[in-house]
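One structure is given here, and the rest of the page talks about it.
The values are calculated or read from the model by the stated rules, or taken from the named source; none is laboratory data. Every value quoted in this text rests on a predicted model; they were computed, and no experiment measured them. We place every Cβ from the backbone using ideal geometry, glycine too, and count neighbours over all the protein chains shown.
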Amino acid sequence: MSDEPRIFVKICGVTTVDDALLAAGMGADALGLNFVASSSRRITSGRAKEITRRLPPEVLTVGIFRNESRERVVETANTIGLRAVQLHGHESAEDTRWVAERVPAVIRAFSANDPALARHVEFGPVRLLVDAPEPGSGHTFDWTRMDELELDCPVVLAGGLNPDNVTEAIETVRPWGVDAASGVESSPGKKDPVLVRRFIAAARAVPFSDHPYRAEPFDWAEDAARPDQTSQEDPR
C-alpha cells in the first residue's frame, strides 16, 4: 500500500462476498455491513462473518447499527470480528463512549442538521460521519453547510455520493473520507462493478496532499490496540 496520503473510501451496504471482494479489490479502505432491521441492505451475522473471513486484513469491516442496544452492538461486533462499528441513530454520548471502550473503533454518524454535531466531542474517541438529513435515501445535502458546522476534526462525508458528484463533494467539503452505498449500486444491496470502480477512481483523483489532516492519518490497527481496550471482556 502506498505511503502517499489519500482520501479514505468506504463502500457501504455490502451484502455478498462477491461484492465485498470486488470493492476491496478496487481499493476500498472500508466496507459497511448493515445490521439495521428496516434496511433493504440488512445482512445476517452469519453472512457478515463469511464476508469478514474472506477479506484481506487491511480492509476495515464496519458494522452499521441504528438505535440498537449497546450490549447487542458490542456482542455482535466482537462475535463476528468486526474492526469497527458505525452508530447511525440517536445513540447517546454516554452509550457511544461505552461502546467505544469495548470495540476496536467507532464511527458516529450524524445527519447534517443534527444539533448534536455541535457537541460531538462529548461522544468520545470516535470518527465522525456526516450524512444527509434522510440517511440512506440517496439524497445529497447542501455541502456548503459544512463550513457553518466548523468541525475541527476529520470527517467522513456521506449522503447521495456517486461517481459523478464525488469530485465536487471532496473539493467543496475537503473531508477526510467519503462513503457511498446507493450511488454505486444497480439495485439495493447489489453493487455495480463499473460504478464502484468509477467512484473510487474519482475520489482518489482529487489531490489530497494539502489536506488539513494529511499529517495525522487514522491508524485503525493502532486504535484497536489502545491500552484501555476491553473488547474481549463481557460487554455487560
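Screening the range 165-198 for residues that are assigned to a loop (DSSP other than H, G, I, E, B) and touching a residue at least 12 places away in the same chain (Cβ under 8 Å) and picking the one that is nearest to PHE35 (Cα to Cα) gives GLY189.
In the range 140-161, the residues that are closer than 10 Å to LEU129 by Cβ reach residues that are among the acidic types (Asp, Glu) and crowded, with 19+ Cβ neighbours inside 10 Å with C-beta atoms within less than 6 angstrom, at least six apart or across chains, in these pairs: VAL156/ASP179; ALA158/ASP131; ALA158/ASP179; GLY159/ASP131.
Working carefully through the options ASP192, ASP179, ASP223, find the one that is surrounded by 12 or more Cβ atoms within 10 Å (Cβ to Cβ), modelled with pLDDT of 95 or more, more than 18 Å from LEU157 (Cα to Cα) and among the acidic types (Asp, Glu). Sole residue among the options that is surrounded by 12 or more Cβ atoms within 10 Å (Cβ to Cβ), modelled with pLDDT of 95 or more, more than 18 Å from LEU157 (Cα to Cα) and among the acidic types (Asp, Glu): ASP192.
How many residues are over 20 Å from GLY32 (Cα atoms), in contact (Cβ under 8 Å) with a residue 12 or more places away in the chain, surrounded by fewer than 19 Cβ atoms within 10 Å (Cβ to Cβ) and not hydrophobic (A, V, I, L, M, F, W, C) when one looks only at the range 98-137? Total satisfying the criteria: 5. Taken residue by residue, the range 74-87 has no member that is crowded, with 17+ Cβ neighbours inside 10 Å, modelled with pLDDT of 95 or more, part of a loop (DSSP other than H, G, I, E, B) and more than 14 Å from the chain's Cα centre (by Cα). Within the set SER92, SER40, SER45, SER69, the sole residue that is at pLDDT below 95, out of contact with any strand residue (DSSP E or B) (no Cβ under 6 Å at 6 or more places or on another chain) and over 20 Å from VAL156 (Cβ atoms) turns out to be SER40. Somewhere in the range 39-56, is a residue touching an Asp or Glu at 6+ places or on another chain (Cβ under 6 Å), outside any loop (DSSP other than H, G, I, E, B) and among the charged types (D, E, K, R)? No - not one qualifying residue is present in the range 39-56. When the range 101-119 is filtered for residues that are small (Gly, Ala, Ser) and either part of a loop (DSSP other than H, G, I, E, B) or within 20 Å of CYS12 (Cβ to Cβ) (or both), the ones remaining, listed by number, are ALA105, ALA109, SER111, ALA112.
Screening the range 1-23 for residues that are part of a helix (DSSP H, G or I) and in contact with a strand residue (DSSP E or B) (Cβ under 7 Å, 6 or more places away or on another chain) and picking the one that is nearest to GLU75 (Cα to Cα) gives ALA20.
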